[in-house]
Amino acid sequence: MITQTLHDDITLVEITNSLGARVLLSSLGAGIVSLVVPDSQGRMADVVIGYDDIESYRGDGPCAGKIPGRFANRIAKGRFCLDGHEYSLAINNGPNALHGGPTGFQNRNWHTAEVTDNSVTFTYCSADGEEGYPGCLTAHVRYLWTDDCRLELQMWAEVEGKPTVINLTNHSYFNLGGHEKPSVLEHLLRLNASRWLPTDDSLIPLPEAPQPVAGTPMDFTSAKPLGRDIHADFPALRYGKGYDNCWLIDRTADGLTEAAVLSDPASGRTLTVLTDQPAVQVYTGNWLDDSPVGKDGVRYRDYCAVAIECQDCPDAPNRPDFPSTRLNPGDRYRRTIEFRFGHA
């Protein structure tokens, strides 16, 4: 079942499956507003943080549930070169550019291009030079919600006029016990990643990245609580006041690969994340204390939820050793992320 409403210029679309589980999507930032899924007893809970006041999504620091772009994550010093041309971006995160800038895709109202019985497609046209990026880019995001509680995100884009760089992800924050629960640090996380990207103190990957996770607090190759090592005396964890780091997914074939499995021992809910992206950024909500007032009047606090962002590598436009994020006219960028909800 699908319900479509308008809030001034913002379109809200709710999709409910045969179990009564539902997802609420917004054209503002092409984002996820709520995700209500059952536990093993059939009890429903909303497992993503967000806001009752839809206006709170405009320019919110956490970027809750939305699609950042044109380039998610960081670009060092807000500069990169393509074909001998240097491009300058807004500096909005220490010395670096983050998530496409202050008016990035997450803060734009996307066009609601198509609504079906179980899907919605949002489209955004980004002009040549917007936030400093070259080329006229058209981006599309399609959300599909299934009866087995699988949320599929298909993201694709084309550019005209000039080559550009692109890196899209979804920035939802999950607490599988329910969005109102105070902490996610007892959740168990397993990553299909034996290498990670060490960074400097501004979270830009170092020249020697990637490095093996073995023997470090960055090792999630076996499931462990998010809070077990989060306060360890380790540079990466000091820089971000917790995890805000990128891992390279161990891929053995093309197509979708399991990137992460998150589970909540208290509720029994599980989240399996699959993607065809090369990397995954895990952010343990280290700076959520100043978030807008949350749903049901909840005040979100640090470490109350975790973002699992499948994407390309941070600062890839300046790192020829990383997978390329270049998009040429005539080519198509295409990425997929799946969030599969279940229970133990």
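What follows draws every value from the coordinates through simple rules; no lab data is involved. Not measured: the values here are computed from a predicted model. Cβ: placed from backbone, ideal geometry, glycine included. Neighbour counts: every protein chain shown.
At a glance:
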item	result
Residue 321 vs. criteria closer than 22 Å to residue 193 by Cβ, assigned to a loop (DSSP other than H, G, I, E, B) and more than 19 Å from the chain's Cα centre (by Cα)	yes
Leading residue by the ranking (nearest to the chain's Cα centre (by Cα)) among those in the stretch 127-181 that are more than 30 Å from residue 39 (Cα to Cα) and aromatic (Phe, Trp, Tyr)	156
Residue in the stretch 32-40 that is among the aliphatic types (A, V, I, L, M), more than 25 Å from residue 284 (Cβ to Cβ) and surrounded by fewer than 22 Cβ atoms within 10 Å (Cβ to Cβ) present	no
One residue from 105, 80 being touching a residue at least 60 places away in the same chain (Cβ under 8 Å), surrounded by 17 or more Cβ atoms within 10 Å (Cβ to Cβ), within 30 Å of residue 17 (Cα to Cα) and not acidic (Asp, Glu)	105
Any pair with Cβ under 6 angstrom, 6 or more apart, that starts in the stretch 323-342 at a residue that is under 25 Å from residue 135 (Cα atoms) and ends at one that is crowded, with 17+ Cβ neighbours inside 10 Å and of a type in the set (Gly, Ala, Ser)	325/316; 333/157
Answer residue from the stretch 257-289, given it is in a strand (DSSP E or B) and among the small types (Gly, Ala, Ser) and is surrounded by the fewest Cβ atoms within 10 Å (Cβ to Cβ) among those	263
Residue satisfying condition, being assigned to a loop (DSSP other than H, G, I, E, B), over 26 Å from residue 318 (Cα atoms) and among the acidic types (Asp, Glu), within set 250, 254, 219, 201	219
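Rundown of residues vs (1) surrounded by 24 or more Cβ atoms within 10 Å (Cβ to Cβ); (2) out of contact with any strand residue (DSSP E or B) (no Cβ under 9 Å at 6 or more places or on another chain), yes/no style:
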position: 148; (1), (2): no, no
position: 159; (1), (2): yes, no
position: 164; (1), (2): yes, no
position: 172; (1), (2): yes, no
position: 182; (1), (2): no, yes
position: 185; (1), (2): no, no
position: 192; (1), (2): no, no
position: 196; (1), (2): yes, no
